[in-house]
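The values are calculated or read from the model by the stated rules, or taken from the named source; none is laboratory data. Here the structure is a predicted model, which means the values were calculated and not measured. Cβ: placed from backbone, ideal geometry, glycine included. Neighbour counts: every protein chain shown. Remember, those area values only see protein heavy atoms, side chains included, never the ligands or the DNA or RNA. Shrake-Rupley method; radii C 1.70, N 1.55, O 1.52, S 1.80 Å.
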Amino acid sequence: MRRSAFGLILLGAVVCGCDDSNMTGSVCDLECGHGACFMQVTKEKCLCDDGYSEDALGMCTIARAPYLMLDAKPSVSGAHVSFSGRLVDVAASLASPTVIVRKDGDVVGRFQTPSFTFSDDMGSARKASYTVEVAQNYDVEPLYVPVWHEETLFDWRDAVMYFAFIDRFSNGDTSNDAKIGVQYDWMGGDFAGLKSVVESGYFTDLGVNALWISSVSMNSQKASGQMSAYHSYWPLTTGYTDKTASIFSGAYSNNVPITPIEPHFGTLEELKALVRSCHDRGIRVLVDFAVNHVEEDSPVYKLHPDWFNGVDVADRDSILCEGPHDSQQNWNIIPETCWFGPNLPDFNYNKQEVREFVLDHARWLVRTTGIDGFRLDAVKHMPMQMIRDLRAAMDELYQYSDIPFYMVGETFDGVDKIKQYIGDTMLHGQFDFPLYNTIRGTIMNGDGKFWDLKDFVAWNDTTYGSALMSTFLGNHDVARAISHIHHDSEEKYGNNPEVGDAWAYRQLKLAWTFLMTSPMIPLIYYGDEYGLEGANDPDNRRMMEFGDALNPNQQETLQLVRKLGQIRRQHPALSRGKRQTVDAYDRSYTYVMRDENETILVGINDSDEPQTYNLPERGVNAGANGWIDLLDESNVISETTSVTLTKDRQIIVWKEKK
């Protein structure tokens, strides 16, 4: 029994004992045990001292297991970083503990007392990943302290993301190619090849500052039919940590020893080197986190078959997401329990122990490699509680950083389903499939009306609220953009010829102009920046090409996308501003992107006829002082408040003069 601050006798609940006689502001410190009682409007709550947690009555009487904490976020001045903290062990359960600080895996600080103050010079590095841990003790969760040294604090709203499908991107080390002799085999792309492209400045030239890479977990080394695991979606080592390493030790797939990282891609050290190279150039790294299932050779499946859905079902075909009969579409009927394939047992995330096992793996991957985000695969095929727990785990891991760990999901569905997984306790955003479908049906296919695009984006720009959505013209699950445009996309296993028609690249350039001058985070699927061809999966996963391998139309398209990427990076109105439509015709669309500092006018035209827009007549107050052509700043623009798009001037990106 207790007395509330209002003099009422209450049963059960928290024993705080707050009333007018002992309240100081909103705080009193009676009857909470090791803590203080706070009044939150009409609700009292014990706020426990460090090292204690609440018992069943809400009092702070339970001594927590030892844990590490910082006193505040790190202080960064130039390249100098410092932070202080302590090991909280109120029960004195650890005898003479040693606290160590690691920087990118190497020990750089050692303290024999529970309290510590650490300082370091980052040198020329743009990011350092520090971990604070108790030496030789896996029971105390390491503390992760990621620190960036940048002149301007990064904002995910300003990201331009690129998906490098590792096996098909660049072969930097032929010694790890290890083909297995099937039609859809590994083709040699690896961390070393991708790192060399990063260091060549290719991504910087595109304005890219976020790189999404394939899942890095080791995959099955055998084939399923004529398909290898080159795509990296048949994982074996989901759940790997330093603590669980023994589970995977001595296991094999197709006579290949199981290791934490996909051997076709390289080693863990090569992955870390790739991440460091990206960071040195201001590029964030997202890893494809494919944890809906494992491949049947996974030691986890063999050790814990009870952790998976449907293992007791005799008719395994009945639980496949796409069964042997066209009428069976379990993708939507039983999305959270169906198997993607007969060799891909589906995690049962309704079990807390399963969630914790995979969450520990996520923490290990982030702390070990220093990555900055996840692209979460197959979102709607996992219970929402798993999404919430993953977000909470990553938020806690990044609690001492001003830049969040970004999580973007893949839900190949409509707006309502996509929105279900977005929020403060869920994903930061998702890939915008409805917008992709609209762009494909209007700009890319050439059979839609641009005013339909105008009407859709007027609604779509705000429908997800403050979510950090990502927009795209293509990905690894749909036919290539240039092949859609050229109407070559239907044959699933075809080998579409090179597109030589200039008009197709013209359409692609219009689509890129729209995407790179619109809100949200634009994604470049490797090769789409120049028009790599390909029908549906797996033809849309051809080997990347560079330099002289591109035809003149591809070279021209690449140059435009590079220019648009730089423009977007230099003009935040394109990423953070709001769109105001000027107008749209059948095959022409003009709008402005505006923030408090600048106004950018964008026009795309696919009509042979001149299309003239008078801005004041359409309620757009801009252009009275003229414009600067951002695509060609040497170009003098005579128009002010009236703009004409022609067959020869199909694209405009103009900045209003002040």
Going by the structure shown, is Val620 open to solvent by less than 20 Å² (accessible area, probe 1.4 Å), under 20 Å from Leu510 (Cα atoms) and either among the aliphatic types (A, V, I, L, M) or in a loop (DSSP other than H, G, I, E, B) (or both)? no
Filter the stretch 173-187 for residues that are in contact (Cβ under 8 Å) with a residue 60 or more places away in the chain and not aliphatic (A, V, I, L, M); the one that is nearest to Asn219 (Cα to Cα) is Trp186
When restricted to Asp402, Asp372, Asp377, the only residue among the charged types (D, E, K, R), out of contact with any Cys (no Cβ under 8 Å at 6 or more places or on another chain) and open to solvent by 50 Å² or more (accessible area, probe 1.4 Å) is Asp402
Flagged in the stretch 81-106 as closer than 17 Å to Glu141 by Cα, in contact with a strand residue (DSSP E or B) (Cβ under 6 Å, 6 or more places away or on another chain) and hydrophobic (A, V, I, L, M, F, W, C), in numbering order, are Leu87, Val88, Val90, Ala91, Val99, Ile100, Val101
Taking the stretch 149-192, which residues are of a type in the set (Lys, Arg) and out of contact with any Gly (no Cβ under 9 Å at 6 or more places or on another chain)? Arg157
Number of the condition not met by Ala573 [criteria: (1) farther than 22 Å from Ala481 by Cα; (2) among the small types (Gly, Ala, Ser); (3) in contact with a strand residue (DSSP E or B) (Cβ under 8 Å, 6 or more places away or on another chain); (4) modelled with pLDDT under 95]: (4)
With respect to Asp606, is the statement that it is touching a residue at least 60 places away in the same chain (Cβ under 8 Å) and of a type outside the set (A, V, I, L, M) true? yes
Out of everything in the stretch 32-59 that is surrounded by fewer than 17 Cβ atoms within 10 Å (Cβ to Cβ) and of a type in the set (Ser, Thr, Tyr), what residue ends up being modelled with the highest pLDDT? Ser53
With respect to Ile403, is the statement that it is in a loop (DSSP other than H, G, I, E, B) and within 19 Å of Ser217 (Cα to Cα) true? no
Pairs under 6 Å by beta carbon, first residue closer than 18 Å to Pro299 by Cβ and open to solvent by 50 Å² or more (accessible area, probe 1.4 Å) in the stretch 335-363, partner at pLDDT 95 or above and not aliphatic (A, V, I, L, M), six or more apart or different chains? Asp360/Thr241
Looking at the stretch 136-183, which of the residues that are open to solvent by 60 Å² or more (accessible area, probe 1.4 Å) and not in a loop (DSSP other than H, G, I, E, B) is farthest from Lys563 (Cα to Cα)? Ser175
Taking Met23, is it over 30 Å from Thr131 (Cα atoms), open to solvent by less than 70 Å² (accessible area, probe 1.4 Å), of a type outside the set (Lys, Arg) and at pLDDT 80 or above? no
Please enumerate the residues belonging to the stretch 60-89 that are open to solvent by 40 Å² or more (accessible area, probe 1.4 Å) and in a loop (DSSP other than H, G, I, E, B). Arg64, Ala65, Asp71, Ala72, Lys73, Gly78
Taking the stretch 100-114 as the region of interest, how many residues are outside any loop (DSSP other than H, G, I, E, B) and either modelled with pLDDT under 95 or buried (at least 16 other Cβ atoms within 10 Å of the Cβ) (or both)? 7
Among what's in the stretch 435-474 and is in contact with a Ser or Thr (Cβ under 7 Å, 6 or more places away or on another chain) and not in a helix (DSSP H, G or I), pick the residue that is surrounded by the most Cβ atoms within 10 Å (Cβ to Cβ). Thr471
I'm told Glu133 meets every condition in (1) within 28 Å of Gly225 (Cβ to Cβ); (2) of a type in the set (D, E, K, R); (3) over 25 Å from the mean Cα position of the chain (by Cα); (4) surrounded by 15 or more Cβ atoms within 10 Å (Cβ to Cβ) except one. Can you identify the failing condition by its number? (1)
Residues in the stretch 633-645: is at least one closer than 19 Å to Ala573 by Cα, outside any strand (DSSP E or B) and out of contact with any Ser or Thr (no Cβ under 6 Å at 6 or more places or on another chain)? yes
I'd like the full set of residues that are open to solvent by 10 Å² or more (accessible area, probe 1.4 Å), in contact with a strand residue (DSSP E or B) (Cβ under 9 Å, 6 or more places away or on another chain) and modelled with pLDDT of 95 or more, limited to the stretch 405-423. Glu410, Lys419, Ile422
Taking the stretch 92-119, which residues are among the aliphatic types (A, V, I, L, M) and either under 27 Å from Ile371 (Cα atoms) or in contact (Cβ under 8 Å) with a residue 40 or more places away in the chain (or both)? Leu94, Val99, Ile100, Val101, Val107, Val108
